[in-house]
Number of protein chains: 2
Amino acid sequence: MAERLDETDEQILAELADNARATFAEIGQRVNLSAPAVKRRVDRMLDSGVIRTFTTVVDRTALGWTTEAYVQVFCHGTIAPDQLRAAWQDIPEVVSAATVTGTADAMLHVLARDMRHLEEALERIRSSADIERSESIVVLSNIIERALS
Amino acid sequence: MAERLDETDEQILAELADNARATFAEIGQRVNLSAPAVKRRVDRMLDSGVIRTFTTVVDRTALGWTTEAYVQVFCHGTIAPDQLRAAWQDIPEVVSAATVTGTADAMLHVLARDMRHLEEALERIRSSADIERSESIVVLSNIIERALS
DNA sequence: GCTGAAACACATGATGC
DNA sequence: GCATCATGTGTTTCAGC
């Protein structure tokens, strides 16, 4: 769990963050390691949870997805994070989700084509878990957008 | 550029978002397509910019950044988005910022090493613009983390 | 904990439907 | 626009250091 990473691990992470579909041989060339050595390190980091997942950055604005909202969700009783993950991870409109402090149980970041689509996505979000109510804060304009890794 | 995606494209995107290192054959099996057919669609989406990049979600606890919050900011009077961008873009703890609907003027996503660091970052955020008050919602655990545009 | 080699699986272009 | 096939590459296991 509290795995410590050496300089090579950090380099490999940076390469994977830059291109998650890079081959192990390619990464190895950049960090001066053989492909099997890279694979073993990546496997170890996957195993220890340092690497959570490999994902794809989809530019929804290229598809005209211009509507964005932060949604606070209030559940009936207590729900385990794993349940919420199971409920929402197949909803592509959900960019991120987290359980939070305060009156709300979870905070979601949702992307949609337009208001109608957002409405419809919210309905799917609500119906896929035992949700009491939700509160949406719609984004007017993005000021800063940094990749987090 | 205003590329349209069919149902199969969406399915492929969902698979790639879930695991960017999945093989084309694997994806093809799930969407009932051959590997070359999947590749062609992925290539087209890469070409049109719909797929921006493949990346890796790193568990920031491994990097020592364990504290995360959504911060609603309330300004004195009206402030232009550009002013807020100028005020905050040099604060590295600010992962994203957007002006929003509702009672708050802006929503920030902030990352910090710990509570003390978050507190200190919030102080810098508040003092760099004409902020009346702010409301922080601290993340307990991340459920879904997809890199967004 | 690395390298090198070998078996196996995948990517990808050409071809035909 | 798809499937099939062939080949070059990448992956992954195993032995050895």
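Of all residues in the stretch B:23-44 being assigned to a helix (DSSP H, G or I) and more than 13 Å from B:Q11 (Cα to Cα), which is farthest from DNA strand C (Cβ to nearest atom)? I'd like the intermediate steps shown before the answer.
At the first step, the residues of the stretch B:23-44 found to be assigned to a helix (DSSP H, G or I) are B:24-31, B:35-44.
Narrowing further to those that are more than 13 Å from B:Q11 (Cα to Cα): B:25, B:35-37, B:39-40, B:43-44.
Working: B:A25: 5, B:A35: 4, B:P36: 4, B:A37: 9, B:K39: 5, B:R40: 8, B:D43: 8, B:R44: 12 Å.
For the stretch B:23-44, the residue satisfying everything is B:R44.
So is B:D9 on the phi < 0 side of the Ramachandran plot, away from chain A (no Cβ under 11 Å) and more than 20 Å from the chain's Cα centre (by Cα) or not? Lay out the reasoning, then the answer.
Working: on the phi < 0 side of the Ramachandran plot: yes; away from chain A (no Cβ under 11 Å): no; more than 20 Å from the chain's Cα centre (by Cα): yes.
Considered against the rule, which asks whether it is on the phi < 0 side of the Ramachandran plot, away from chain A (no Cβ under 11 Å) and more than 20 Å from the chain's Cα centre (by Cα), B:D9 comes out as no.
Here are B:V31, B:V73, B:V57: which of them is closer than 26 Å to A:T53 by Cα, β-branched (V, I, T) and more than 12 Å from DNA strand D (Cβ to nearest atom)?
Details: B:V31 fails: more than 12 Å from DNA strand D (Cβ to nearest atom); B:V73 fails: closer than 26 Å to A:T53 by Cα.
Among B:V31, B:V73, B:V57, only B:V57 is closer than 26 Å to A:T53 by Cα, β-branched (V, I, T) and more than 12 Å from DNA strand D (Cβ to nearest atom).
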Study note, to complete from the structure: Looking across the stretch B:34-45 at residues that are surrounded by 14 or more Cβ atoms within 10 Å (Cβ to Cβ) and within 14 Å of chain A (Cβ to nearest Cβ), the single one that is nearest to DNA strand D (Cβ to nearest atom) is B:R41
Exercise for review: State whether the residues of the stretch B:77-93 include one that is at pLDDT below 95 and either under 24 Å from A:A106 (Cα atoms) or in a strand (DSSP E or B) (or both).
Suggested key: yes
Study note, to complete from the structure: Contact list, first residue from the stretch A:29-43 and closer than 14 Å to A:D6 by Cβ, second anywhere and among the small types (G, A, S) and near DNA strand C (Cβ under 9 Å from one of its atoms), beta-carbon distance below 7 Å, six or more apart or interchain, is A:A37/A:G28; A:V38/A:G28
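Does any residue of the stretch A:109-121 turn out to be more than 27 Å from B:P81 (Cα to Cα) and either more than 15 Å from the chain's Cα centre (by Cα) or part of a helix (DSSP H, G or I) (or both)? So that I can check it myself, show each step before the final result.
As a first pass, look at the stretch A:109-121 and keep what is more than 27 Å from B:P81 (Cα to Cα): A:120-121.
Going one step further and asking which of them are either more than 15 Å from the chain's Cα centre (by Cα) or part of a helix (DSSP H, G or I) (or both), we end up with A:120-121.
Yes, the stretch A:109-121 has at least one match.
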Check your understanding: Of (1) in a helix (DSSP H, G or I); (2) within 11 Å of another protein chain (Cβ to nearest Cβ); (3) touching a residue at least 24 places away in the same chain (Cβ under 8 Å), B:E68 satisfies all except one. Which?
Key -> (1)
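Among the residues of the stretch A:1-8, are any in a helix (DSSP H, G or I) and either within 10 Å of DNA strand D (Cβ to nearest atom) or under 23 Å from B:T23 (Cβ atoms) (or both)?
Of the stretch A:1-8, the ones in a helix (DSSP H, G or I) are A:7-8.
Filter again for either within 10 Å of DNA strand D (Cβ to nearest atom) or under 23 Å from B:T23 (Cβ atoms) (or both), leaving none.
For the stretch A:1-8, residues in a helix (DSSP H, G or I) and either within 10 Å of DNA strand D (Cβ to nearest atom) or under 23 Å from B:T23 (Cβ atoms) (or both): absent.
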Study note, to complete from the structure: A:I125: passes all of (1) β-branched (V, I, T); (2) modelled with pLDDT under 95; (3) assigned to a helix (DSSP H, G or I) but (2)
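The rows are residues; the columns are (1) touching a residue at least 60 places away in the same chain (Cβ under 8 Å); (2) surrounded by 14 or more Cβ atoms within 10 Å (Cβ to Cβ); (3) over 27 Å from B:Q72 (Cβ atoms).
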{"residue": "A:S48", "(1), (2), (3)": "no, yes, yes"}
{"residue": "A:T61", "(1), (2), (3)": "no, yes, no"}
{"residue": "A:T78", "(1), (2), (3)": "no, no, no"}
{"residue": "A:L84", "(1), (2), (3)": "no, yes, no"}
{"residue": "A:A87", "(1), (2), (3)": "no, yes, no"}
{"residue": "A:G102", "(1), (2), (3)": "no, no, no"}
{"residue": "A:L111", "(1), (2), (3)": "no, yes, no"}
{"residue": "A:R116", "(1), (2), (3)": "no, no, no"}
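So is B:A106 touching a helix residue (DSSP H, G or I) at 6+ places or on another chain (Cβ under 8 Å), buried (at least 17 other Cβ atoms within 10 Å of the Cβ) and in contact (Cβ under 8 Å) with a residue 40 or more places away in the chain or not?
Details: touching a helix residue (DSSP H, G or I) at 6+ places or on another chain (Cβ under 8 Å): yes; buried (at least 17 other Cβ atoms within 10 Å of the Cβ): yes; in contact (Cβ under 8 Å) with a residue 40 or more places away in the chain: no.
Answer is no for this residue.
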Point to revise | The lone exception for B:F74 - which of (1) away from DNA strand C (no atom under 16 Å from the Cβ); (2) crowded, with 20+ Cβ neighbours inside 10 Å; (3) at pLDDT 95 or above it fails | key: (2)
Point to revise | Extreme residue, farthest from DNA strand C (Cβ to nearest atom), among residues of the stretch B:45-62 that are more than 13 Å from A:R21 (Cβ to Cβ) and among the polar types (S, T, N, Q) | key: B:T61
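The values are calculated or read from the model by the stated rules, or taken from the named source; none is laboratory data. Every value quoted in this text rests on a predicted model; they were computed, and no experiment measured them. Counting neighbours? That spans all protein chains shown, and the Cβs are built from the backbone with ideal geometry, glycine included.
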